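Below: the structure, in structure tokens.
The values are calculated or read from the model by the stated rules, or taken from the named source; none is laboratory data. None of these values were measured; they are calculated from a predicted model. Backbone-built Cβ (ideal geometry, glycine too); neighbour counts: all protein chains shown.
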Amino acid sequence: MRTDRRPAVVAQGRYRRPTARRVLWNGAEVAVTLGLVVLLLVVHQLWWTNRQARAGADRQVQALERQWGEGSGGSTERTEPAAGTVEPSDTPSDDPSATPHDDNRTKPAPPPQPNWDQAYAILGIPRLGLRAPVAQGISKSAVLNHGYVGHYPGTAQPGGAGNFALAGHRNTHGEPFRYINRLRRGDTLTVQTKTASYTYVVDKTLAQTSAGDGGVINPVPRSGVVPGAGYGEPGYYITLTTCTPEFTSKYRLVVWGKLSRMSPR
């Protein structure tokens, strides 16, 4: 009797190349997945960061108001002056470019130099319905990405001679300066600090200049890129800067104003 057996033979299937239909299907799945990832990133940047930053900025405004004893309503009503003190005038000049500094009685002490990244003032833009905290410095991570408006180091403080220069995001992270392109000559800007309230009047707008145009935040603000844009004499200025066009950082949009009125608290 024979006991030897032939080894079993396992048939190997033939390799089949993926069909064009399968390739297209796989490509479509990858494209949809990538599209969803991009969509989530866009939602995060345009909605979630705005929501977080705005909420944080609103809380900071309320905290400053509580600290200053104004309450959450943000009222700027002042109490009657103590006996023997001189009440400064709150009546703005007929000339929007005039400043109240010709009279020593209207000179509340400028706020002390704030600590780095510290919110110490509130910027109000009535036309835009904006109230945003102002912090020292223009760091994105420490200031601007929190929905704050940043004060350019080395420029004047609120109410001070020279140029009180500010920066803010136009898109994402609270975007406080998104609509400053809508400001027009004669619109008011308010800056509140612990010791005083300052009113500036919008005077000029520079629709576009280079990102490196440092002249716009000089003590006498004047563009070094756009001929004739800016001022030629000392004064009490405020400057708002942001990126333009929207969703890019290629150029800068600039709004200038002049101090019109100041009121000590």
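Every condition in (1) farther than 13 Å from Lys258 by Cα; (2) in contact with a Pro (Cβ under 8 Å, 6 or more places away or on another chain); (3) surrounded by fewer than 20 Cβ atoms within 10 Å (Cβ to Cβ) holds for Val226 except the one numbered (2).
Out of region 157-193, which residues are in a loop (DSSP other than H, G, I, E, B), within 18 Å of Ala119 (Cβ to Cβ) and out of contact with any Lys or Arg (no Cβ under 7 Å at 6 or more places or on another chain)?
Residues satisfying the conditions are Gln157, Pro158, Gly159, Gly168, His169, His173, Glu175, Pro176, Thr193.
Selection of region 204-216 for residues being in contact with a strand residue (DSSP E or B) (Cβ under 7 Å, 6 or more places away or on another chain), surrounded by fewer than 20 Cβ atoms within 10 Å (Cβ to Cβ) and outside any strand (DSSP E or B) yields Ala211, Gly215.
Within region 157-211, the set of residues being closer than 22 Å to Arg252 by Cβ and of a type in the set (Phe, Trp, Tyr) comprises Phe164, Phe177, Tyr179, Tyr200.
Just so you know, in region 140-156 the residues that are free of Cβ contacts under 8 Å to residues at least 60 places away in the same chain and in a loop (DSSP other than H, G, I, E, B) include one that is farthest from the chain's Cα centre (by Cα), and it is Gly154. Just one of (1) of a type in the set (A, V, I, L, M, F, W, C); (2) part of a loop (DSSP other than H, G, I, E, B); (3) at pLDDT 95 or above fails for Val201. It is (2).
Among the residues of region 186-209, the ones that are out of contact with any helix residue (DSSP H, G or I) (no Cβ under 8 Å at 6 or more places or on another chain) and without any contact (Cβ under 8 Å) to a residue 60 or more places away in the chain come to 3 in all.
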